Amino acid sequence: MKNHNQGFLGLVQKALETIPECDVHEVRNKIEQSQDFILVDVREDREWVQGNIPSSIHIGKGVIERDVANLIPNQEIEVVLYCQGGFRSALAGESLKVMGYKNVLSMSGGFSDWVNNNFPVHQEN
């Protein structure tokens with residue numbers, strides 16, 4: 001795991017007080033059962049093109065507040081966010097909640113856990 005500074009980790013802990021988490025197994029089950037939810041990769045563009053979860057959409061954390069309403073107009077639908085390790089997604093989730101999204105979750109462990117479980121990965125060409 002990366003050696004994150006305490007200020008960043010404090011922000012993440014605060015976000016996780018209001019943003020529930022689900023793990024990679026729960027997310028995979030949601031996908032396999034075709035549950036009605038939107039999976040959003042909030043990583044940087046360069047991370048997205050190196051590999052992402054099939055069926056996810058990409059809205060980088062740097063632009064999510066600006067772009068989310070156009071891409072996900074329904075604020076009632078379940079939105080599961082993921083990043084590389086589960087920290088940036090929690091912070092992005094907090095922003096979405098403030099913006100009025102009612103059902104936002106962060107995928108704990110992030111894309112790293114997804115890959116470590118040998119779950120399917122899509123790579124951009």
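Here, each number is a calculation from the coordinates, and none is a lab measurement. These numbers come from a predicted model, not from an experiment. Cβ: placed from backbone, ideal geometry, glycine included. Neighbour counts: every protein chain shown.
Observations
Table: residues versus (1) more than 11 Å from the chain's Cα centre (by Cα); (2) among the hydrophobic types (A, V, I, L, M, F, W, C); (3) over 19 Å from residue 120 (Cβ atoms).
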position	(1), (2), (3)
6	yes, no, yes
12	yes, yes, yes
17	yes, no, yes
26	yes, no, no
54	yes, no, no
60	no, no, yes
82	no, no, no
94	yes, no, yes
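- So residue 82, is it in contact with an Asp or Glu (Cβ under 9 Å, 6 or more places away or on another chain), more than 22 Å from residue 4 (Cβ to Cβ) and aromatic (Phe, Trp, Tyr): no
- Evaluating residue 70 against the criteria (1) within 9 Å of the chain's Cα centre (by Cα); (2) free of Cβ contacts under 8 Å to residues at least 60 places away in the same chain leaves one unmet condition, (1).
- Close contacts from region 29-51, counting a first residue that is closer than 22 Å to residue 74 by Cβ and a second that is of a type in the set (Phe, Trp, Tyr) and exposed (fewer than 12 other Cβ atoms within 10 Å of the Cβ), with Cβ to Cβ under 9 Å and a gap of 6+ residues or different chains, come to none at all.
- The set of residues in region 23-43 being under 17 Å from residue 87 (Cβ atoms) and touching a Cys at 6+ places or on another chain (Cβ under 9 Å) consists of 41, 42, 43.
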